[in-house]
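Nothing in this text is a laboratory measurement; each read-out follows from the coordinates by a stated rule. All values derive from a computational prediction rather than experimental measurement. Every residue, glycine as well, gets a Cβ built from its backbone with ideal geometry; the counts of neighbours run over all protein chains shown.
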Amino acid sequence: MAERREHREYRMGELAEEAGITVRTLRFYRERGLIQPPRREGRIAWYDDHHLARLRTITGLLERGHTLNGIADLAATFDSGRDVAEVLGLGEPTEETPVRLTPERLADYFADEATAENLAAAMELGYLGTDGDEIVHISRRLLEASSELVRAGVPLASVLSAGRQVREHADALAELCVRVLHTHTADAGQDQLRVLAHAVVDAELSMALDRRLRDEGGPADGARRTDAGADEDGPERTPAAGSEPGERTPAAGGEPRDHTPAAGDDPRGHTPAAERAPWEHSPGYGA
């Protein structure tokens, strides 16, 4: 009977053996809702290839460090995900290559960032769709760029949030390019439109990155000198020969700080008697 069916079916013991687990573990997974209920014929429970694929996914995710609770959340998100036909709409992307993945292969790309929340966000954004037991990412380039960002330390949630913003700007740019070309060029074909749009957007993005990175790489405000008479980015002043550190060398024509007393001056620095104020002649003054 089983061989006549479209997909192979298994009794519980057969399924456990194919999946490399015990019957007790299979029952536990079924009770936890990690796999769908089997098809029943009277008292006989029949499992199929979808159950086997899910069990292998559970084993693979456990080996990658995921918990059963996390796997249960992932499974629920996966089961309620958008079908790939809905994600791709009228057809596959013209210039992008979709990638088919098992859930455990997706976990290899994103490690512990492959959570139910991030999976749901990626599906809602339209990056991921489901096709039977597989996950389909709409773009190999986006998949690999996202994975590289995560490996560099950017949380996947931040990558997806940024992707949402990029999508909004990209839609606006596409609308602008189509409108301008169709308004002024009646016979413009899609291939020409794509080439011109790519050229303009790539060039503008490249120059925008130049400006942004140049701004980010400039000297910090606090590193610039603000001493009077010094250039903002000029070299530090070095003391003149024979001067103490921190001592200013007098400018031309200026009076030095320390000088040899002139003739008639009191070498102790006292003001001569003839130049004292009248009250300073009083006996005891300065005693």
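Miscellaneous remarks
- Annotation: peptides 207-214, 71-78, ranked by per-residue average of other Cβ atoms within 10 Å with the highest first, follow the order 71-78, 207-214.
- Extending 7 Å from the Cα toward the beta-carbon at both residue 179 and residue 49 defines two label points whose distance is 4.9 nm.
- Two-site FRET efficiency, residue 23 against residue 139, from Cβ-Cβ distance with R₀ of 30 Å, rounded to 0.05: 0.10
- As a rough guide to protection, the peptides 170-178, 44-52 ranked by mean Cβ packing within 10 Å, highest first, stand as 44-52, 170-178.
- Full extension of the segment from residue 208 to residue 76, taken as 0.36 nm per residue of separation minus the current Cα-Cα distance, would add 43.3 nm.
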